[in-house]
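The next block holds one structure in the form of structure tokens; read it before the comments.
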Amino acid sequence: MAAVYMFVFSASVCVAYNPEECTFSVRFNEEVSNLRIVSMFLLPDEVLKIMIVQPDSESYDLAYSSGSIVKHEHVQWQWKAPHGTGLYTLSIQSNYSTDTMKLNIFVMVPYSAMKGEYLNGYRIGKYPAIPFKQLSIYKPPRGFIEVTSENENTYLTPHFQLKQFLCKQSSGYPKYVVLRERLLLKLEMILKRMTEEGYPAETFSILSGYRTPYYNKAIGNVRYSRHNWGGAADIFIDENPKDGMMDDLNNDGKYNWEDAKVLYDIIDDMYGKPWYAPFVGGLGRYKKSDAHGPFVHVDVRGFHARWGD
């Protein structure tokens, strides 16, 4: 069973944190994870390659209710997604323990399904025709995750739900989101590190996750914001009290960007570690305003960027 960490967060409140990790790790697409819940985003009929990378000497079973296995070799599988969009679930069970990893597979609506600036009545806006500096991470997304009232509470990873990443624009259902798996894994890594440093939280509050280009332009943000491509999140810890504001992390009796600096510095200290290399990206610290409290921006753009000092 995974260890449970418990730290004193204040004089009167304790927060339990469970990393929810398996004893084995799985490689999918370009990611590796040992989390008990992982999510992946595919297009209709796309083939997903899954491989146990540690330990690979044991025996595992892959269970699925939809889609089809097109190839199976020892600890490797190739699963073909259904043609219909929606949420599908796979599970990997170790035959040497009770460990089970749940794979939430979201089959996306292809980008080509957009009609002008809209997708099924939801306004997306326009992605730039020319990628920023010709970087592939700024090409239009392959597709959109369809969010409904039935699936918005789905856990993408053990501590983050789909609804936390919704764009703040007003609309009914269905809504649409773009997300990168690597961002989710990075947020889980940071959350665990915060607990190890003595700042436990059940999750991060996400001030801003995905932004449609339409909404991003409406709030006056930069055209090539990583939020538009589902690779960024503005986060803060909101545990004591739960009031929609960054907690007093440095215990000075104030709620300001010095608390954001605590979070910022712990994340920044991860930079340069070999295991952190795939998660390199932007890191920014923001002060309190009339619209929000202090927060920290993180993204997975693939190269080092810092601001807000």
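Every read-out reported here was derived from the displayed coordinates using simple, explicitly stated rules and does not represent laboratory data. Computed from a predicted model, the values in this text were never measured in an experiment. Note: ideal-geometry Cβ built from the backbone for every residue, glycine included; neighbour counts use all protein chains shown.
List of remarks:
- Between the stretch 236-250 and the stretch 139-189, the alpha-carbon center distance in angstrom: 23
- Once the chain from Trp275 to Asn256 is taken as fully extended at 0.36 nm per residue, the excess over their C-alpha distance is 3.7 nm.
- Residue by residue, the stretch 56-73 carries 3J(HN,Hα) couplings of 9, 8, 8, 10, 9, 10, 10, 10, 7, 10, 9, x, 8, 8, 9, 7, 9, 9 Hz when phi is fed to the Karplus relation 6.51 cos²θ - 1.76 cosθ + 1.60 (θ = phi - 60°); x denotes Gly or Pro.
- Summing Cβ point charges (Lys, Arg +1; Asp, Glu -1) relative to the Cα centre of the chain gives a dipole of roughly 1480 debye.
- Fewest-first sequence of Ser149, Ser225 by Cβ atoms within 10 Å of each Cβ: Ser149, Ser225
- Modelled label positions at Ala16 and Glu202, each set 7 Å beyond Cα in the direction of Cβ, lie 1.1 nm from each other.
- Among Gln93, Gln134, Gln54, residue whose mean-square fluctuation peaks in a GNM of the chain (springs only between Cα atoms under 10 Å): Gln134
- Dipole moment magnitude, nearest 20 debye, the stretch 225-309 about Cα centre, only Lys, Arg, Asp, Glu C-beta charged: 420
- Listed residues Trp257, Trp275, Trp77, most fluctuating in the chain (Gaussian network, C-alpha, under 10 Å): Trp275
- Residue-by-residue Karplus 3J(HN,Hα) for the stretch 257-269, coefficients 6.51, -1.76, 1.60, Hz, glycine and proline x: 6, 5, 6, 5, 5, 4, 5, 4, 5, 5, 5, 5, 5
- Choice from Tyr264, Tyr215, Tyr118 with maximal GNM fluctuation in the chain (Cα, 10 Å cutoff): Tyr118
- All aspartates and glutamates inside 17 Å of Lys186 as judged from Cα atoms, apart from same-chain residues fewer than 8 positions distant: Glu20, Glu21, Glu30, Glu31, Glu196, Glu197, Glu202, Asp234, Asp265, Asp268, Asp269, Asp299
- Leading residue at positive end of dipole, the chain (Cβ point charges), from Tyr96, Ser68, Asn18: Ser68
- Per-residue Karplus couplings for the stretch 173-187, computed as 6.51 cos²θ - 1.76 cosθ + 1.60 with θ equal to phi - 60°, are listed in order as 9, x, 10, 9, 9, 10, 9, 10, 4, 5, 5, 4, 5, 5, 4 Hz, Gly and Pro entered as x.
- Links that overshoot a 26 Å alpha carbon limit, given the list Lys80/Lys168; Lys71/Lys192; Lys163/Lys242: Lys80/Lys168; Lys71/Lys192
- For Val147, residues with placed amide H under 5 Å, excluding near neighbours: Lys175, Tyr176, Val177
- Cβ crowding within 10 Å, taken as a proxy for footprinting-reagent exposure, orders Asp234, Asp299 from fewest neighbours to most as Asp234, Asp299.
- Of the trypsin sites (Lys or Arg not before Pro) in the stretch 204-309, the ones in a loop by DSSP (not H, G, I, E or B) with at most 15 other beta carbons within 10 Å are Arg223, Lys242, Lys254, Lys287.
- Close amide-amide hydrogen proximity is noted between Gln161 and Leu156, each under 5 Å apart and 5 or more residues distant or on a separate chain (H modeled in the peptide plane; Pro and chain starts excluded).
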